[in-house]
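Chemist: What follows is a single structure, and I will ask about it in a moment.
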Amino acid sequence: MFRAVAFTLALFTMTTLPGMAQGWHYVGGDGNAVELDAVPQRIIASQDAAAGLIPLGIRPVGIYADSAVADAKALQGLDLAGIEIIGQAWGEVDIEKAAALEPDLIVAEYWPLESTWSGGDDVVSALAPLAPVTGPEQGASILTLIEDYEALAQSLGADLAAPSIAAEKSAFQAALAEFKAATAAKPDLTALAVWAGADALYVAATAGSSELMDFANWGLDLIDPEVADDRGYWEILSWENADKYQPDLIMVDNRSDATMQTAMAQPTWTLMKAAQAGQVADWPAFWLRNYRVYASELAKLTAAIKAADADLAP
């Protein structure tokens, strides 16, 4: 289980000597503090950090992504105009482009199951000589992670009272209330989160996913599998054993449309009663970082819960 880490954020202002620079202090998800003489202005961000910061008014000068930007779910719908893309593959970054941006700070996410930052050790080793690497922990809740981005953005000068930010937060709160009402109305409905590969069906462990932990805390009864891999994310089932679990609702990783297509192409997919009944929904796996998209994905999942028959599973 991830451990939620409390972030201590503080701004130290030299009030006794007018004209002196304002310092900046932040404790990252790895527990280490970063202290700078001035509030950082030129930020390079991982794709997920960018997705958390841009809607709050903090625009990085550069972004490195885990895949082609056009395919990066976290970045869809965001205005990236004027932002240099310095990487479009996991573990890779163009160090010359990064250096030319003269960053003050690298903002990433700390992944405790991996004990590293977004992009992996090779990216961190490449970027760390340019500027300090820090950011929140990808921990036990997406909602907490968004709140951590709010605190970070505010320390960087964001106005969280801006009407657009307030409206998106309000829409999320309404969507969350609807989700909780839907799960409360169907306490016996069970759900299973999966990723479908050509080789196997990967069943997600609740503790390996921040949004799944949110859903469980908000009343969704998730089937927790036996975790077979050594990192704590998945139980891997051969397609012959795809019906090991019989949920009322299947949630399919929606980072790529191809995942659902792969699942539906397997002859054993419909051995799960929920698949046969069409009780299948999107699982916004690992990419939610702001209120706008979280509200949208919650609304879709709420609709699926309301429509599902809760008596499919034996």
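Chemist: Counting only DSSP beta bridges with both residues in segment 9-159, tell me the antiparallel percent, nearest 5.
Modeler: The antiparallel fraction comes to roughly 40 percent.
Chemist: Can you check what the net charge comes to around residue 273, using other residues whose Cβ is under 12 Å from the Cβ of residue 273 (Lys, Arg +1; Asp, Glu -1)?
Modeler: -4
Chemist: Are there trypsin sites (Lys or Arg not before Pro) in segment 177-266 that DSSP marks as loop and that have at most 11 other Cβ atoms within 10 Å, and which are they?
Modeler: Listed in order of number, the matching sites are 231.
Chemist: Quick one: dipole size for segment 164-307, taken about the Cα centre, charges +1 on Lys/Arg Cβ and -1 on Asp/Glu Cβ, in debye to the nearest 20.
Modeler: Dipole magnitude for segment 164-307 comes out near 560 debye.
Chemist: Compute the acute angle (0 to 90°) between the alpha-carbon long axis of helix 291-307 and the principal axis of greatest extent of the alpha-carbon atoms of the chain; round to the nearest 10°.
Modeler: 10
Chemist: Right, here's the next one. Which trypsin sites (Lys or Arg not before Pro) from segment 277-308 combine a DSSP loop assignment with at most 15 other Cβ atoms within 10 Å?
Modeler: Qualifying residues, ordered by number: none.
Chemist: Based on DSSP loop calls and a cut-off of at most 15 other Cβ atoms within 10 Å, the longest stretch of the chain free of exposed GluC sites (Glu not before Pro) is what?
Modeler: 1-113
Chemist: Hey, can you grab everything whose amide H is under 5 Å from the amide H of residue 42? Only 5+ residues off in sequence or another chain; H modelled, so Pro and N-termini drop out.
Modeler: HN-HN under 5 Å from residue 42: 104, 105.
Chemist: Once Lys and Arg get +1 and Asp and Glu get -1 on their Cβ, which of 204, 295, 170 lies farthest toward the positive end of the dipole of segment 164-307?
Modeler: Going by the Cα projections, it comes out as 170.
Chemist: Let me ask another. Taking the alpha-carbon centroid of each part, what is the distance from segment 168-205 to segment 268-298 in angstrom?
Modeler: Rounded to whole Å, the Cα centres lie 7 Å apart.
Chemist: A follow-up question, please. Defining a contact as two alpha carbons under 8 Å apart and six or more residues distant in sequence, what relative contact order in percent does segment 164-307 show?
Modeler: Across segment 164-307, relative contact order equals 29 percent.
Chemist: How far, in degrees from 0 to 90, does helix 163-185 lean away from the longest principal axis of the Cα atoms of the chain, to the nearest 10?
Modeler: Here the helix axis deviates by roughly 30 degrees.
Chemist: Got a sec? Charge dipole of the chain, +1 on Cβ for Lys and Arg, -1 for Asp and Glu; which of 54, 265, 236 is way out at the positive end?
Modeler: 54
Chemist: A follow-up question, please. So what is the relative contact order of the chain, in percent, for Cα pairs below 8 Å that sit 6 or more residues apart?
Modeler: Here the relative contact order equals 16 percent.
Chemist: Separate question: Please state the charge dipole magnitude for the chain, taken about the Cα centre, from unit charges on C-beta atoms (+1 on K and R, -1 on D and E), reported in debye and rounded to the nearest 20.
Modeler: 780
Chemist: Then there's this: Hey, what did segment 69-141 get for relative contact order, percent, Cα under 8 Å, at least 6 apart?
Modeler: Computed over segment 69-141, the figure is 30 percent.
Chemist: Still on this structure, I have one more. Where both residues lie in the chain, what percent of DSSP beta bridges are antiparallel, nearest 5?
Modeler: 40
Chemist: Once you charge only the Cβ atoms, +1 for Lys and Arg and -1 for Asp and Glu, what is the size of the charge dipole of segment 37-113 about its Cα centre, to the nearest 20 debye?
Modeler: 200
The numbers here are math on the coordinates, done by the rules we state, and not lab data. Keep in mind the model is a prediction, meaning the values are calculated, not measured. Here Cβ is always computed from backbone atoms with ideal geometry, including for glycine, and neighbour counts include all displayed protein chains.
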